[in-house]
Amino acid sequence: MRKIISLLLCMQIGVFFTVAQNRFDRNDTIPVYIGGVPLLNPWAGGINFPLMSEIDLNGDGLHDIFIYERDNNRILTFLNNGDTTVNAWRYAPQYARQFPPVNKWAFLYDYNCDGKADFMTLSSVLPSGIAIYRNDYTPGNGLQWTLVNPFVSETFGAITTNIFASGVSLPAFSDIDNDGDMDILGYNSVPDGRIIYHQNLSMETYGVCDSLKFNYASGCWGNFALLIGGTNSVGCFHCPCRIAAPGSGATYDKAEPETVIYDPTEAARRDDTISSIFPIDLDGDGAKELLVGDISSQNTLMIRNGGTASAAEMVTEDTSYPSADVPALFNGFHFHAYIDVNNDGKKDLIVMPSEYENLHGLWWYRNSGTNDHPSFHFQGASFLQDNILDVGENASPVVYDYDNDGLNDLVVGASVYDNSLLAYKTGLYLFKNTGTTSNPRFDLMTNDIANISSLNYTAPLYPAFGDMDGDGDKDMILGTDDGKLQYFNNAGGAGNPSNFQLAVPNYMSIDIGGVSTPQIIDLNRDGLLDLVIGEKNGFVNYYQNTGTTSSAFFSNVPTNDTLGCIVRQAGGFPDGYTVPFVYDTAGKYRMMVSNMAGNIFLYSNIDNNIGGCFALVDSVFRPAESYRIKYNLTVSGGDLNGDNLTDLVVGQAPGGVQVFFMHDPFVGVQETNNIKATFDLFPNPARDYFKLHFYHVSPSAFNELNVFDNLGKKILSQKVSGEEMNVSTDGWPAGIYFVQLNNSESSSSIKLMVQHK
């Protein structure tokens with residue numbers, strides 16, 4: 001009840017202040033070593049469950065790497081420096097913001113044969129369709145994208161319908177019939193183990209490959225069906241072709257259906273509804289084989305095509321591909337990519353997990369054959385991952401001088417999936433600062449501080465440090481998934497390296513409900529260390545220390561269960577997974593709060609206002625860094641480069657860490673009663689619609705969206721109340737428009753181009 005009352009009071013007050021603003025700049029230059037070997041891309045943020053494609057990001061003629069990280073819906077980009085080893089790749093985050101928004105999945109493929117990889121994702125207009133963006137890169141403007149089709153359609157007999165895809169039924173893009181244009185393989189909306197062939201008739205119709213003119217060519221491409229309700233294997237070869245009108249659910253047969261034993265369990269029904277398909281010519285005959293991953297299995301299935309490019313006929317299978325080398329066997333069904341890893345002109349095979357595997361899940365098979373007739377040989381299970389500071393999953397870094405040498409180290413909460421045990425192992429990593437005050441360097445010393453893995457805590461783990469017993473060394477309070485706190489006494493003694501020992505499980509009987517993320521700090525400046533704790537439900541809790549410097553005491557009921565009136569639930573969800581970090585700048589407290597929606601929000605007006613509403617000043621990421629419907633980003637910090645400023649360390653759900661140095665912290669802005677509202681819009685140029693995402697739009701303030709044509713005539717005026725809005729351009733003449741967001745204190749605008757063709 002108190003949380004509801006506090007939130008209502010904050011909304012009624014409706015007053016926000018912006019004060020001394022801090023700027024934080026990404027820093028990727030701090031060296032990190034593991035086993036004495038430097039990591040090439042330590043601060044890339046981790047990779048767990050990627051979809052990988054090739055693209056030339058900077059126009060230098062070299063193929064670079066695009067990754068859509070499905071674990072936290074984030075884009076990573078890597079530039080190719082041309083090196084002829086696996087070390088050719090350098091993390092290049094500046095390109096990640098230059099892509100269209102991803103909906104569930106993303107693949108890159110040059111559909112119009114102009115030498116530039118185009119962008120495919122799930123349609124945001126039609127939930128069971130495919131959207132395609134054309135790559136309009138130019139040397140002067142860099143990457144630019146044009147939405148050419150918001151949902152790709154095809155002819156099916158006498159009707160036109162969309163090509164089916166979903167968030168779990170991912171299509172494959174390839175020139176199946178070798179005529180030069182891009183075809184699509186996919187699934188029926190009524191899963192039956194068969195593969196649907198959507199043939200592009202661009203070459204047949206226009207003599208060029210730059211169009212998207214599809215025909216429903218076959219409901220059983222290759223005349224086979226995947227086994228339903230069993231292992232990742234073929235259920236039948238030369239089987240009859242049952243065809244269903246896309247989306248209708250009705251079926252009819254060209255021949256009598258084959259006899260298939262169906263397992264009626266829920267697991268069996270999931271079996272072939274969630275799988276991945278990857279067409280590739282493995283024997284140089286021009287006909288595409290198929291690599292398949294399946295949700296219930298740990299293997300890559302290879303299905304051999306004994307037919308031709310125009311008439312596929314799948315004839316044999318390899319259920320442990322590549323059985324002639326090291327088979328790709330790991331927990332979580334597989335995705336595949338075909339990319340030249342070592343710049344030898346031959347594309348290599350990458351096998352990627354869809355779940356579970358989070359530390360050794362990018363299997364690289366070097367191609368010793370040719371691109372048309374490859375021969376794959378296993379090289380390693382951690383391509384790119386082994387050059388990133390990556391602790392598996394749920395990285396929670398905290399800055400702490402572990403060995404009392406005057407240099408701040410990194411302690412990182414971690415969760416690593418152990419494939420041999422089919423279970424997660426949780427613990428704390430220690431990256432010791434072996435550099436200097438102004439030039440840090442981090443070396444991995446252990447992946448299991450205090451043998452915490454033996455305690456079998458469920459991830460995430462979030463550590464906090466402070467001297468709770470007044471003996472001169474800092475103790476550790478560990479937040480755990482169940483919402484409780486675990487107290488570890490530091491037996492190291494003042495001035496000595498830390499030596500943590502579990503002293504009080506379920507510390508002070510504090511239980512915030514789920515996923516406790518504590519910080520130890522004297523928030524009310526009374527000389528006693530208090531607790532500030534984030535939680536799963538999106539609130540921030542304050543527990544005042546009513547004990548003494550030598551004997552801390554906390555009630556198990558929070559002093560304020562909605563600290564600062566902060567509620568960081570993600571839109572449409574009851575959860576927020578908040579992580580708070582309070583720091584002092586110029587004698588005043590500031591607070592960072594991260595949440596599962598992928599942003600980090602900066603608050604002020606904290607001192608002498610613990611019972612009131614804090615002021616939202618800014619956000620670190622604009623737009624959000626990522627999003628995830630569970631624990632995602634964390635934020636903490638400390639002085640990492642000896643300039644007496646508070647730098648940030650950000651933990652990523654896929655196990656990585658990012659560093660941001662504070663810059664120019666004393667640049668202030670005048671206090672005002674409203675936050676400056678800003679927005680982004682996409683796509684631009686727009687065809688049938690555009691989407692807006694708003695930042696700093698207070699529900700208690702008046703924010704209005706106006707659209708003007710190029711003559712200054714207002715054609716749309718609408719009040720803004722949420723974070724996102726879709727605007728239809730139906731009926732708008734093609735041309736230039738100005739989209740403007742106004743509130744009582746500020747105005748911002750973006751030029752929009754509308755193109756209906």
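Here is a yes/no grid of residues against (1) open to solvent by 30 Å² or more (accessible area, probe 1.4 Å); (2) modelled with pLDDT of 95 or more; (3) outside any strand (DSSP E or B); (4) in contact with an Asp or Glu (Cβ under 6 Å, 6 or more places away or on another chain):
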site	(1), (2), (3), (4)
583	no, yes, no, no
591	no, yes, no, no
597	yes, no, yes, no
601	no, no, no, no
609	yes, yes, yes, no
622	yes, no, yes, no
625	no, no, yes, no
628	no, no, yes, no
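Annotation note: of 218, 189, 169, 211, the sole residue that is within 14 Å of residue 110 (Cα to Cα) and of a type in the set (S, T, N, Q) is 211.
Table: residues versus (1) polar (S, T, N, Q); (2) modelled with pLDDT under 95; (3) touching a helix residue (DSSP H, G or I) at 6+ places or on another chain (Cβ under 6 Å).
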site: 410; (1), (2), (3): no, no, no
site: 415; (1), (2), (3): yes, no, no
site: 436; (1), (2), (3): yes, no, no
site: 445; (1), (2), (3): no, no, no
site: 452; (1), (2), (3): no, no, no
site: 463; (1), (2), (3): no, no, no
site: 476; (1), (2), (3): no, no, no
site: 485; (1), (2), (3): no, no, yes
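When the strands (runs of 3 or more DSSP E) confined to the stretch 172-220 are screened for residues that are farther than 25 Å from residue 284 by Cβ, those reaching at least 1 such residues are found at 183-186, 196-200, 214-218. Checking each residue in the stretch 565-581 for being in a strand (DSSP E or B) and either open to solvent by less than 10 Å² (accessible area, probe 1.4 Å) or under 13 Å from residue 635 (Cβ atoms) (or both) picks out 579, 580, 581. Residue-level analysis places residue 117 outside the set of residues that are open to solvent by less than 10 Å² (accessible area, probe 1.4 Å), at pLDDT 95 or above and among the small types (Gly, Ala, Ser).
When the criteria are applied in full, residue 230 fails the requirement of being more than 17 Å from residue 169 (Cα to Cα), open to solvent by less than 20 Å² (accessible area, probe 1.4 Å) and in a loop (DSSP other than H, G, I, E, B). Listed by first and then second residue, the pairs with beta-carbon distance under 6 Å, at least 6 apart or on different chains, first residue in the stretch 214-235 and on the phi > 0 side of the Ramachandran plot, second assigned to a loop (DSSP other than H, G, I, E, B), are 222/312; 223/238; 223/313; 229/262; 229/263. Of all residues in the stretch 336-351, those satisfying the criterion of being in a loop (DSSP other than H, G, I, E, B) and open to solvent by less than 60 Å² (accessible area, probe 1.4 Å) are 340, 341, 342, 343, 345. Entry remark, the stretch 126-166: residues being open to solvent by 70 Å² or more (accessible area, probe 1.4 Å), assigned to a loop (DSSP other than H, G, I, E, B) and not aromatic (Phe, Trp, Tyr) number 7 in total.
With respect to the conditions (1) farther than 21 Å from residue 192 by Cα; (2) surrounded by fewer than 22 Cβ atoms within 10 Å (Cβ to Cβ), residue 295 lacks only one, and its number is (1). In the stretch 326-335, the condition of being buried (at least 21 other Cβ atoms within 10 Å of the Cβ) and outside any loop (DSSP other than H, G, I, E, B) is met by at least one residue. Residues that are modelled with pLDDT of 85 or more number at least 1 in the following strands (runs of 3 or more DSSP E) confined to the stretch 655-752: 657-663, 689-695, 704-709, 714-719, 724-728, 735-742. Select from the stretch 550-564 the residues that are part of a loop (DSSP other than H, G, I, E, B), under 30 Å from residue 628 (Cβ atoms) and open to solvent by less than 20 Å² (accessible area, probe 1.4 Å) and list them in ascending order. 562, 563 - these are the residues of the stretch 550-564 that are part of a loop (DSSP other than H, G, I, E, B), under 30 Å from residue 628 (Cβ atoms) and open to solvent by less than 20 Å² (accessible area, probe 1.4 Å).
Identify all residues within the stretch 352-367 that are assigned to a strand (DSSP E or B) and charged (D, E, K, R); write none if there are none. Scanning the stretch 352-367 gives a single hit, 366. The sole residue among 170, 108 that is of a type in the set (A, V, I, L, M, F, W, C), modelled with pLDDT under 95, within 29 Å of the chain's Cα centre (by Cα) and open to solvent by less than 40 Å² (accessible area, probe 1.4 Å) is 170. If the condition is being aromatic (Phe, Trp, Tyr) and under 14 Å from residue 429 (Cα atoms), then the stretch 439-488 contributes 442, 462. For the stretch 409-429, the count of residues that are assigned to a loop (DSSP other than H, G, I, E, B) and either over 27 Å from the mean Cα position of the chain (by Cα) or crowded, with 21+ Cβ neighbours inside 10 Å (or both) is zero. Here residue 547 fits the description: of a type outside the set (A, V, I, L, M, F, W, C) and open to solvent by less than 50 Å² (accessible area, probe 1.4 Å). Residues in the stretch 298-324 that are open to solvent by less than 50 Å² (accessible area, probe 1.4 Å) and part of a loop (DSSP other than H, G, I, E, B): 300, 307, 309, 312, 313, 320, 321, 322.
Applying the selection to the stretch 233-242, what residues are assigned to a loop (DSSP other than H, G, I, E, B) and in contact with a Gly (Cβ under 7 Å, 6 or more places away or on another chain)?
Result: 241, single match.
Looking at the stretch 485-499, is at least one residue open to solvent by less than 10 Å² (accessible area, probe 1.4 Å), under 17 Å from residue 543 (Cβ atoms), in contact with a strand residue (DSSP E or B) (Cβ under 7 Å, 6 or more places away or on another chain) and not in a strand (DSSP E or B)? No, the stretch 485-499 contains no residue that is open to solvent by less than 10 Å² (accessible area, probe 1.4 Å), under 17 Å from residue 543 (Cβ atoms), in contact with a strand residue (DSSP E or B) (Cβ under 7 Å, 6 or more places away or on another chain) and not in a strand (DSSP E or B). Suppose we filter the stretch 500-513 for residues that are part of a loop (DSSP other than H, G, I, E, B) and hydrophobic (A, V, I, L, M, F, W, C); how many remain? Matching residues across the stretch 500-513 total 2.
State whether one or more residues within the stretch 80-92 are surrounded by 18 or more Cβ atoms within 10 Å (Cβ to Cβ) and in contact with a Pro (Cβ under 9 Å, 6 or more places away or on another chain). Among the residues of the stretch 80-92, at least one is surrounded by 18 or more Cβ atoms within 10 Å (Cβ to Cβ) and in contact with a Pro (Cβ under 9 Å, 6 or more places away or on another chain), which makes the answer yes. Taking residues in the stretch 351-373 that are over 15 Å from residue 297 (Cβ atoms), and partners anywhere that are of a type in the set (Val, Ile, Thr) and open to solvent by 10 Å² or more (accessible area, probe 1.4 Å), the pairs with Cβ atoms closer than 7 Å and at least 6 places apart or on different chains are 358/416; 359/416. Here residue 532 passes the criteria (1) touching a residue at least 24 places away in the same chain (Cβ under 8 Å); (2) part of a loop (DSSP other than H, G, I, E, B) except the one numbered (2). Of all the criteria given as (1) surrounded by 24 or more Cβ atoms within 10 Å (Cβ to Cβ); (2) more than 15 Å from residue 590 (Cβ to Cβ), the one not satisfied by residue 648 is (2). Residues in the stretch 375-408 that are among the acidic types (Asp, Glu), under 16 Å from residue 446 (Cα atoms) and in a strand (DSSP E or B): 390 alone.
The values are calculated or read from the model by the stated rules, or taken from the named source; none is laboratory data. In this text, all values refer to a predicted model and were calculated from it rather than measured experimentally. Every residue, glycine as well, gets a Cβ built from its backbone with ideal geometry; the counts of neighbours run over all protein chains shown. Side chains are part of the model used for accessible areas, which takes the heavy atoms of the whole protein and leaves out ligands, DNA and RNA. Shrake-Rupley method; radii C 1.70, N 1.55, O 1.52, S 1.80 Å.
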